[in-house]
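Worksheet: the structure to be examined is printed underneath.
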Amino acid sequence: MSLRLSNLSILMFTATLSASWSLSAAHALTSPYKSTVEGLSYGNTHEIAPRVFRGSEPGHKVQELVDFGITDVLIFKRDARGEVARQIQALRDAGFKARQIHHLPMPWKDIDDEVSVCEHIVDGLALIHKVSASPRRQLYFHCTVGEDRTGLLAALIRQLAQGWTAEQAFQDEMCRHGYEAGNPRKPSFVVQAIRDHLTPIYAKLQILIGRGELNWGNLDRNLCSQLPDMHVSRARLPLCR
């Protein structure tokens, strides 16, 4: 009986410790990279194309987007704890219309459907292409910390719209702004999850780009159906230097 109580106590302590760690981690979800855009104070905010800005989630400072003149917001993340719904409401309260708020539930781990994730990426690119074609519109896109999912999307814009090489986009846009191990403060389990789930999709998209099938003039989500049949060796996955 005492042994059972002892085991139960250990389990309860472990659960409490895990919950406490998760809560602390949730409060620590900020990027160490500063904004390079005057007027937008969110961490890791940078202009990657005319009137197109990447960064971390705005939190309670949504008014900065209004004051800066942002017309469109792309939320590039899943709603893990109701934070997406709260941000959408905050944006509506700040004056954004529903058509100006775009949500693509992009995951960063536990990816079991590469096709749908690829479709989110291509849909995000298509939206940015459409907005950037209008001189009257400005778009801000983000995930949580603005490093991994946001970095992947930003790198593809650099490649497809600006002619960067795959290596240049990976190192100078993704790693430089905290993708995967590019952020030395990122917990190792997060780095590993990104490497296991997100980076292989990026590598497979490079195959489509290399074939000339995916380009700035052809952002066709139907191309994503090819991903499950592609094989990319782990040894060939790009790594942050």
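A few comments on the model shown:
- Each other residue within a Cβ distance under 14 Å of residue 157 adds +1 if Lys or Arg and -1 if Asp or Glu, for a net charge of +1.
- Taking a Cβ cut-off of under 13 Å around residue 30, the surrounding Lys, Arg, Asp and Glu residues balance to a net charge of +2, with basic ones at +1 and acidic ones at -1.
- Local electrostatic count at residue 100 - Lys and Arg +1, Asp and Glu -1, tallied over other residues with Cβ under 11 Å: +3
- Cysteines in the chain that lack a partner Cβ within the 4.7 Å cut-off: 143.
- Rounded to 5, the percent of DSSP beta bridges in the chain classed as antiparallel: 25
- Distance distribution P(r), the range 118-171, all Cα-Cα pairs, bin width 5 angstrom from 0: 4, 19, 27, 27, 18, 4, 0 percent.
- From phi via Karplus (6.51, -1.76, 1.60), per-residue ³J(HN,Hα) for the range 171-179 in Hz, x at Gly/Pro: 6, 8, 9, 7, 4, 4, 10, x, 5
- Under Karplus coefficients 6.51, -1.76 and 1.60, residue-wise ³J(HN,Hα) of the range 116-124 in Hz, glycine/proline x: 5, 5, 4, 4, 4, 5, 5, 5, x
- Summary value for the chain: 20 percent relative contact order, contacts being C-alpha pairs under 8 angstrom separated by 6+ residues.
- Residues whose placed amide H lies under 5 Å from that of residue 215, excluding near-sequence neighbours: 220
- Alpha-carbon gyration tensor eigenvalues x 5, square-rooted, for the range 105-241, Å: 22, 18, 14
- When the chain is reduced to its Cα atoms, the Kirkwood hydrodynamic radius in Å: 18.9
A short reminder: the numbers here are calculations on the coordinates, not readings from a lab. Owing to the predicted nature of the structure, the values given are computational and were not obtained by experimental measurement. Methodologically, a virtual Cβ is constructed for each residue, glycine included, from the backbone with ideal geometry; neighbour enumeration extends over all protein chains shown.
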